[in-house]
1. Of the residues Thr131, Thr143, only one is surrounded by fewer than 17 Cβ atoms within 10 Å (Cβ to Cβ), over 12 Å from the mean Cα position of the chain (by Cα) and among the β-branched types (Val, Ile, Thr); which?
2. Would you call Gly57 in a loop (DSSP other than H, G, I, E, B), of a type outside the set (Phe, Trp, Tyr), farther than 17 Å from Ala35 by Cβ and modelled with pLDDT of 95 or more?
3. If you check Glu151, Glu76, which single one turns out to be in contact (Cβ under 8 Å) with a residue 40 or more places away in the chain, out of contact with any Cys (no Cβ under 8 Å at 6 or more places or on another chain), closer than 30 Å to Val23 by Cα and among the charged types (D, E, K, R)?
4. Please verify whether region 105-112 includes one or more residues that are in a loop (DSSP other than H, G, I, E, B), basic (Lys, Arg) and surrounded by 12 or more Cβ atoms within 10 Å (Cβ to Cβ).
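The values are calculated or read from the model by the stated rules, or taken from the named source; none is laboratory data. Small disclaimer: the values here were computed from a predicted structure and weren't measured. Using ideal geometry, Cβ is built from the backbone for each residue, glycine included, and neighbour counts are taken over all protein chains shown.
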Amino acid sequence: MKPTILEARRETVARADAPAARVLCEAIEFETTAAPEFIDITDDVTRIVEAAGIAFGQVSVYSQHTTAAIKINENEPLLLRDLARLLRQFAPPNAYYEHNDFSRRTVNMNEDECANGHAHVQHLFLGASETIPVVDGRVTLGTWQRIFLIELDHPRLRRVLVNVVGTA
């Protein structure tokens, strides 16, 4: 049996009827310094949404990497240390990963390939993107919510796409 939405709990947060949508996609780059590393990119995303000039819609934040994730969480230093520790415990860098066995692996290799199987495993459970509603021109994050780029591999340049879609 399919659950139903109780009318008392249903609330229209925003509605916009417009013939044309606005779309803005911008790339932003970050130089990471460690792994795991949590980089708060909320202010960068907010500036892009403001530049798009939409009133209602959504913003998608997407990492173009298989070893750097995008997640929403609280920017509290002790929590971030806890999360980094849990990531290392969940998929330890020094564990055996077939992906790191360069004597057997034959595809998707660079000359300077590094052993990063742990980062791919961590990424699988974190994900590459988050989508957040835009209401009245603002990114609708909760009180403590922040958008993070999470470096899982090693320091390097990372590219994030911010795609804003909505109506004015």
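1. Values: Thr131 fails: over 12 Å from the mean Cα position of the chain (by Cα).
The conditions single out Thr143.
2. Working: in a loop (DSSP other than H, G, I, E, B): no; of a type outside the set (Phe, Trp, Tyr): yes; farther than 17 Å from Ala35 by Cβ: yes; modelled with pLDDT of 95 or more: yes.
No; evaluated as a whole, the condition is false for this residue.
3. On the way: Glu76 fails: closer than 30 Å to Val23 by Cα.
The unique qualifying residue is Glu151.
4. Scanning region 105-112 turns up at least one residue that is in a loop (DSSP other than H, G, I, E, B), basic (Lys, Arg) and surrounded by 12 or more Cβ atoms within 10 Å (Cβ to Cβ).
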